[in-house]
Amino acid sequence: MCCSDGSKARYSNVFPNPSFGPVQWNINLPWESNLSFKLLDLNGKVLFTSFYPQIKLVADEIPQLKTGIYLVELIYHGGTERHKIIIY
């Protein structure tokens with residue numbers, strides 16, 4: 001899973017993955033952009049959202065999640081990046 005802008009560039013990272021506890025994520029864009037963060041379950045249900053106005057760099061933590069598989073979606077001007085995360 002990566003980028004909807006057609007490139008193979010990846011500006012974000014989610015770690016550790018898989019994880020037994022909290023998960024960190026970060027994004028480092030080469031330009032300022034509004035950023036939308038979404039955490040979804042495998043059915044597409046949005047569990048959490050956050051909005052960051054006009055940023056280039058963000059680092060944050062996803063709190064403890066129940067065991068399962070989740071999707072992280074990061075939407076910014078020019079693209080969308082998705083990460084699948086596994087929680088044990």
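Some observations on this one:
- Verdict on residue 42 being of a type in the set (A, V, I, L, M, F, W, C), at pLDDT below 95 and more than 13 Å from the chain's Cα centre (by Cα): no
This table checks each residue for (1) touching a strand residue (DSSP E or B) at 6+ places or on another chain (Cβ under 7 Å); (2) in contact (Cβ under 8 Å) with a residue 60 or more places away in the chain; (3) among the aliphatic types (A, V, I, L, M).
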| position | (1), (2), (3) |
| --- | --- |
| 11 | yes, yes, no |
| 14 | yes, yes, yes |
| 26 | yes, no, no |
| 44 | no, no, no |
| 47 | yes, no, yes |
| 54 | yes, no, no |
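- Pairing residues of the range 57-73 that are in contact (Cβ under 8 Å) with a residue 12 or more places away in the chain with residues that are part of a loop (DSSP other than H, G, I, E, B) and among the hydroxyl-bearing types (Ser, Thr, Tyr), at Cβ distances under 8 Å and at least 6 apart in sequence or on separate chains, gives 67/88.
- Residues that are out of contact with any Phe, Trp or Tyr (no Cβ under 7 Å at 6 or more places or on another chain), closer than 20 Å to residue 9 by Cβ and of a type in the set (A, V, I, L, M, F, W, C), drawn from the range 44-88: 55, 57, 59, 71, 75
The values are calculated or read from the model by the stated rules, or taken from the named source; none is laboratory data. Treat the numbers as computed from the prediction; the structure is a model and nothing was measured. Glycine gets a Cβ as well: all are built from the backbone with ideal geometry, and neighbour counts include every protein chain shown.
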